[in-house]
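The values are calculated or read from the model by the stated rules, or taken from the named source; none is laboratory data. None of these values were measured; they are calculated from a predicted model. Here the Cβ is made from the backbone with ideal geometry for all residues, glycine too, and neighbour counts use every protein chain on show. Each accessible area value is taken on the protein alone, full model and side chains, heavy atoms only, with ligands, DNA and RNA left out. Shrake-Rupley method; radii C 1.70, N 1.55, O 1.52, S 1.80 Å.
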Amino acid sequence: MKKKIVSLVMAGLLVVSAISGCGGSGGSGSSAAAGSSAAAGSGAAAGGSTIKIGSIGPVTGAAALYGEAVKNGAQLAVDEINAAGGIGGSKIEFKFEDDEHDAEKSVNAYNTLKDWGMQILMGTVTTTPCIAVTEKTSADQMFQLTPSASSQDVIAKDNVFQVCFTDPNQGIASAKYIGTKKLATKVAVLYNSSDVYSKGIYEKFMEESKNQSGTYTVVAEEAFTDESKTDFSAQLNKFKSAGADLVFCPFYYEVAAVVLKQANEIKFTPTFFGVDGMDGILGVENFDTKLAENVVLLTPFVADAQDEKTQKFVAAYKKAYNNVTPIQFAADAYDAIYIIKEAAEKSGVKAGMKTDEICKLLKEAITGLSFDGLTGTGMKWSADGAVNKDPKAMVIKNGAYTAMD
Amino acid sequence: MLKNMKKSTRSNIITYAMVIVAYIVMQTLVSTGSVTNLIQGLLVPLCAYSILAVSLNLTVGILGELSLGHAGFMCVGAFVSAAFSKINATSIENDLLRFIIAIIIAAVCAGIVGILIGIPVLRLKGDYLAIVTLAFGEIIKNVMNVIYLGVDSKGIHFCITKASDLNMESDGKIIINGATGITGTPHSSNFTIGVILLLITLFIVLNLINSRSGRAIMAIRDNSIAAESIGIDLTKYKMLAFSISAMLAGVAGALYSHNLSTLAATSKNFGYNMSIMILVFVVLGGIGNIRGSIIAAIILTLLPELLRAVNDYRMLIYAILLIALMLFNSSPAGINFREKYGIGRLLHKNGPDLSETAGTQRAHHVEGAGKKGV
């Protein structure tokens, strides 16, 4: 009996030491001083001379493409900044954690980064996990800048800012653009009803298009889901018989390639109008780029743009990552790191400051910033966290993106 | 003292004690600040997954039917409770009271769905039952994805087309927004409530197993024809086990949804991925072994998080560890090794040799599973 108790106690001790052992090693040296756990958020100041920026996104699973792009784009920016001397003299330490596009995993990733000593969060990549994480960053008062989570719910907290457009903004901008440029008289809309991004844009587009009834009317609207994104003949035939001369396509480029191909097969040739998810269409494997001729897209970034900044970024990105062409997510992340840098330098953020101090400084600094980056010039932020920048309209001519005026 | 008790009572006490000791240890560590943020954040999910594993073990281990739709019941509980909490966020001010009502509602709704699904499903056996439960799990998830629910001064609005079809007054607010799900659920879950729910779950399941009904359920598992011939009502007992299992999954769902501020039904959290994950907890913990389910749920939830240090390789290592665990658990060599050097052996050197009885019990379950072609 005695032996039993002794061995039980020993086993218990082993478990305790294993768990608290993790605490010591992961806590970046501050665990001893952290005191009560409630204060851990504000007490997580990293000792040393680096500014620790963390990022979260999916690098495994179905949305891995976007997380990977953000990770690479941000890393590129961090390396450049560090090579040029860092933020106000202190180098950046960057760490990326996987969340598998799952809210629960995202919170775990956030906690892991907090244990590492993260001071600023550049993330998360996708919307649903991002909302779960904003609740935590808001409680900890950590500055958060998301490159690509585009829902409006993401910026409900005052410490969260966006680099990308919100979904409603894209929908409204598209509807207005078609109206003011008189691109069409009869518009058809195709959207992915199982995708938050696509649906968000669609809903706002429909609202705004009612105000544009002077120039065009929406003659047909059809939906598809993630399970039914291979055959669009039914929808396209409907559009054709409704006499649509423009199809609004708020979804990603992989699907758009299929749509364009099938439209060509039934000899349906309206103007296809895409949003930022359409960027990448020219890079789809086995896709005849002639089909994309005259496709219009409203996007903040295209990899083929001719300005010096974009070309420099694309060349560096290709060199660093096996000749992969960067997508918009990578550009957003690249911009995000530079936005943090500019805001931090402006407000005098230094390594070793507490997270809530940094948050307060950056929150003030970012609203006064006018930032020129890859995804827009003269980007400005209001206190609610949404970015204000002009969408660029691009049209595909001779297999290349050209700016539309 | 423990020696003079019935074997089942002793085993149950060890299970309760394990949970309570783990709770006290963790609370002490948290209050002294020696636990990482990661572990602290995982405490509530660990409770939720333990409840799920225990409740699925009731269906798989005790009733002996392979259910692949367990996450569906969790989904029902999560959405119903989160919607309730969000609607009543201002009208019921006491956080704890609101959460308790939400949990009860989640349990009742998941139980009702369990009964509704049980009626057609429990007429099937073995593989067919597994496939149909898988389908029902997916149906529940997809239905959740198209539901729009809003509240305004006139009452509750509901539709399945799009948010603007709700036709709400200007003061309306959307509760469930289709595929976007629910955002802004109040954060009511905490570790203490999680452990209390786990203890209640254990109490329900362990008492059921050792009751007259439990013996009837196990008789059905072992030989349904023999059970029927001695007058056991097959439908009644199957339904009892299945609906209790669903109800407890609903409770776990409520715990899960009140721990995150967003809730969307994806295949990751409420689809078949999750169902399989729960089944893995049950199988690796030992089919029919309640204590094992909890331990497996904890280890397998912690592992991928603790492996974050090895970054790109973590999914690979996780898979290898799963295989290693499986070998350790059920290969003849693994069983042999455990019987020679296992903790059970060390603990019971002086007492009756438990490993032998455990061994025969296990062999029995394996045989039972084999018969169904699982």
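In this structure segment B:2-330 gives 41 Å² per residue of accessible area when probed at 1.4 Å with all protein chains present.
Summary value for chain A: 18 percent relative contact order, contacts being C-alpha pairs under 8 angstrom separated by 6+ residues. Candidate cross-link partners of B:Lys7 among the aspartates and glutamates, defined by an alpha-carbon separation under 17 Å and a same-chain spacing of 8 or more, comprise B:Asp353, B:Glu356.
Result for chain B in a Gaussian network model with C-alpha springs under 10 Å: among B:Thr59, B:Thr235, B:Thr201, the largest mean-square fluctuation is at B:Thr235.
Once the partner protein chains are put back, segment A:187-207 shows a loss of at least 40 square angstrom of accessible area, versus the chain by itself, at A:Val196, A:Lys199, A:Glu203 (probe 1.4 Å, ligands and nucleic acids excluded).
Put simply, the amide H of B:His157, placed in the peptide plane, has neighbours under 5 Å in B:Gly150, B:Val151, B:Asp152, leaving out anything fewer than 5 places away on its chain. Accessible surface buried at the A:B interface totals approximately 3700 Å², computed with a 1.4 Å probe on protein heavy atoms. Of A:Ala149, A:Ala244, A:Ala315, the residue with the greatest mean-square motion in the GNM of chain A, using alpha carbon springs below 10 Å, is A:Ala315. Burial of accessible area (probe 1.4 Å, heavy atoms of protein chains only) in segment B:149-178, relative to its chain alone, reaches at least 20 Å² for B:Lys162. Surface calculation, 1.4 Å probe, protein heavy atoms: A:Glu227 sits at approximately 150 Å² accessible. Which one, B:Ile298, B:Ile24, B:Ile290, has the greatest fluctuation when you compute a Gaussian network model over chain B with C-alpha springs under 10 angstrom? Result for chain B, Cα springs under 10 Å: B:Ile24 fluctuates most. Need the per-residue list for segment B:234-275: every residue with at least 50 Å² less accessible surface in the complex of protein chains than in the chain by itself, probe 1.4 Å, sorted by number. With the partner chains in place, segment B:234-275 has these residues losing at least 50 Å²: B:Leu260, B:Ser261, B:Thr262, B:Lys268.
With the simple model of a label 7 Å out from the Cα in the direction of the Cβ, A:Thr215 to A:Glu80 spans 3.4 nm. Straight-line cross-link reach from A:Lys238 at under 14 Å between alpha-carbon atoms covers these aspartates and glutamates, not counting any fewer than eight positions away in the same chain: A:Glu221, A:Glu222. Here each label is just a point 7 Å from Cα along the line to Cβ, and for B:Thr235 and B:Met18 those points are 3.8 nm apart.
Cβ-Cβ distance of A:Thr180 and A:Ala320, R₀ of 35 Å, FRET efficiency by 1/(1 + (r/R0)^6): the value works out to about 0.30. Subtracting the Cα-Cα distance of A:Ala234 and A:Asp372 from their residue separation scaled by 0.36 nm leaves 45.3 nm. Over segment A:281-405, Cα pairs under 8 Å with separation of 6+ residues give a relative contact order of 32 percent. Taking label points 7 Å from Cα along the Cα-to-Cβ direction, B:Ile160 and B:Ile115 give a separation of 2.2 nm. Converting phi to 3J(HN,Hα) with the Karplus coefficients 6.51, -1.76 and 1.60 and the offset θ = phi - 60°, segment B:32-41 yields 8, x, 9, 10, 5, 4, 4, 5, 4, x Hz in sequence order, with x at every glycine or proline.
Separation of segment B:77-121 and segment A:344-405, taken as the distance between their Cα centroids, equals 42 angstrom.
Across segment A:83-223, the mean sequence separation of Cα contacts (distance under 8 Å, 6 or more residues apart), normalised by length, yields a relative contact order of 16 percent. Taking the centroid of alpha carbons for each part, segment A:154-213 and segment B:258-308 are 38 Å apart.
Between B:Leu124 and B:Ala309, the contour length at 0.36 nm per residue exceeds the Cα-Cα span by 62.1 nm. Average accessible surface for chain A: 40 Å² per residue, computed with a 1.4 Å probe over protein heavy atoms with every protein chain in place.
With a threshold of 25 Å on the Cα-Cα distance, the over-threshold entries among A:Lys182/A:Lys229; A:Lys309/A:Lys354; A:Lys341/A:Lys389; A:Lys186/A:Lys397 are A:Lys182/A:Lys229; A:Lys309/A:Lys354. Solvent-accessible area assigned to carbon and sulfur over chain A amounts to 53 percent, based on a 1.4 Å probe. Compared with the dominant Cα axis of chain A, that is its longest principal axis, helix A:328-347 is turned about 50°.
How large a share of the accessible area of segment B:2-330, in percent, is made up of carbon and sulfur atoms when the probe is 1.4 Å and the other protein chains stay in place? Of all accessible area on segment B:2-330, carbon and sulfur atoms account for 68 percent. Using only Cα atoms and rounding to the nearest 10 degrees, what angle (0 to 90) does helix A:167-180 make with the longest principal axis of chain A? Taking the Cα atoms of chain A, the angle to A:167-180 is about 20 degrees. For segment B:2-330, what does the alpha-carbon gyration tensor say about shape, rounded, prolate or oblate, given a ≥ b ≥ c as the root eigenvalues, a/c under 1.5 as rounded, and a/b over b/c as prolate? Oblate is the answer for segment B:2-330, as a/c is 1.5 or above yet b/c matches or exceeds a/b. The C-alpha atoms of chain A define a longest principal axis, and helix A:233-242 lies at about 50 degrees to it. Evaluating 6.51 cos²θ - 1.76 cosθ + 1.60 at θ = phi - 60° for every residue in segment A:206-221, the Karplus couplings come out as 5, 4, 6, 5, 5, 6, 9, 4, x, 9, 8, 10, 8, 9, 7, 9 Hz, glycine and proline recorded as x. With every protein chain in place and a 1.4 angstrom probe, the accessible-area ranking of A:Asp167, B:Asp312, largest first, reads B:Asp312, A:Asp167. Based on DSSP H segments of at least four residues, each scored -39500 (n - 2.57), the protein assembly as shown has a per-residue ellipticity at 222 nm of -18000 deg cm²/dmol. Evaluating 6.51 cos²θ - 1.76 cosθ + 1.60 at θ = phi - 60° for every residue in segment B:151-165, the Karplus couplings come out as 10, 9, 5, 8, x, 9, 10, 9, 7, 10, 9, 7, 4, 6, 7 Hz, glycine and proline recorded as x. Computed with a 1.4 Å probe on the full set of protein chains, the accessible area for B:Arg215 sits at about 140 Å².
So, R0 is 60 Å and r is the distance between the beta-carbons of A:Lys261 and B:Lys6; what FRET efficiency does that work out to, to 0.05? Here the calculated transfer efficiency is 0.30.
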